[in-house]
1. Based on alpha-carbon positions alone, could you give the equivalent ellipsoid semi-axes of segment 48-99 from the gyration tensor, as √(5λ), descending, whole Å?
2. Scattering from the C-alpha atoms of segment 145-272 alone, worked out with Debye: what is log10 I(q)/I(0) at q = 0.21 1/Å?
3. Take residue 215 and residue 105, extend 7 Å from each Cα along the Cα→Cβ direction, and tell me the distance between the two endpoints in nm.
4. Determine the relative contact order of the chain: mean sequence separation of Cα pairs under 8 Å and six or more apart, normalised by residue count, in whole percent.
5. Evaluate segment 151-221: find the radius of gyration of its Cα atoms, find its Kirkwood radius, and give the ratio Rg to Rh.
6. Given the pairs 73/135; 99/135; 71/135; 74/99; 73/99, which are separated by over 30 angstrom at their Cα positions?
7. What is the dipole size for the chain, taken about its Cα centre, with +1 at each Lys and Arg Cβ and -1 at each Asp and Glu Cβ, in debye to the nearest 20?
8. Of all the C-alpha pairs in segment 1-64, what % are more than 15 Å from each other?
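Laboratory data are not the source of any read-out in this text; all were calculated from the coordinates shown. Treat the numbers as computed from the prediction; the structure is a model and nothing was measured. Cβ coordinates were reconstructed from backbone atoms using ideal geometry, including for glycine residues, and neighbour counts include every protein chain displayed.
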Amino acid sequence: MNLIWVLLVLVGLVGSTLGSLMGLGGGIVVVPALLLLGSFSLLEITPQLAVGISLIVMIVTGLSATLAYIKQKKIDFKSAWLFFCASGPGAIVGAWINKGFDTESFQLYLGVFIIFISLILFIRHRLKPRPYRKKRIERTVMNEDGTFHTYGYNVVPVLILSFLVGMLSGLFGIGGGSLMVPAMIILFHFPPHRAVATSMFMILLSAIVGSISHISMGNVNWFYVLALLPGAWIGGILGAEINRRLSSEKLVFVLRFVLLIIAFRLIYEGLS
């Protein structure tokens, strides 16, 4: 029991640190880790439990990271609330779809999705924002060097993307920031650090809605949650601090390969 507790604390810490650092939400590590521990008979876990637990952990990660980013004044709250108008309903739809998966099919689809995320991480820094054109909603912020940066978006594309992100959150227990952050930077011209911070706040809101849906379905093991929470809280703060101080490029480089290993393991388990 002590070993399981230690393992879960470490899973919460690593997942939340990476999630807060890059705006991913932490579920990208927590859900596969729970399923992997289950495959070694260290945990009694189902896809529904893994997702429900991950979403509650993401609330803690999102809250601790959001509080840290508020101090840094990096969150665009108006945009985040608009995004949540679509991501919230999407999270409910995703939770409803999730209940139809058995372990093997869930592992297979999650593995394929993680490979897709890994590919995005491989190319996202090579993609350049499209030439900026005037948008319906625009914001202007001051950069650290004193220059001004304008970004913006049209409502309909943002709502469609946000619904998709929320649905993936409720379905896989993954924050969706892997899709939202690159889109915010490339399509909507958000400054990178502002995109990560705003994504974490949106993930917090979507995780609350998704977790309520999963709790109502009985998809939560509260012992596992309590073991994951301490690491998740510390990891959310730690990731935000690393994001402020350092370039995350080296960690992203390592994470891409770790995700690919996790993905192929999940696909193998799903097909076997």
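1. Its equivalent ellipsoid spans semi-axes of 25, 16, 4 Å.
2. -1.49
3. 2.9 nm
4. 41 percent
5. Rounded to two decimals, Rg over Rh is 1.03.
6. Where the Cα-Cα span goes over 30 Å, the pairs concerned are 99/135; 74/99; 73/99.
7. 1140 debye
8. Counting pairs separated by more than 15 Å, the tail of P(r) holds 45 percent.
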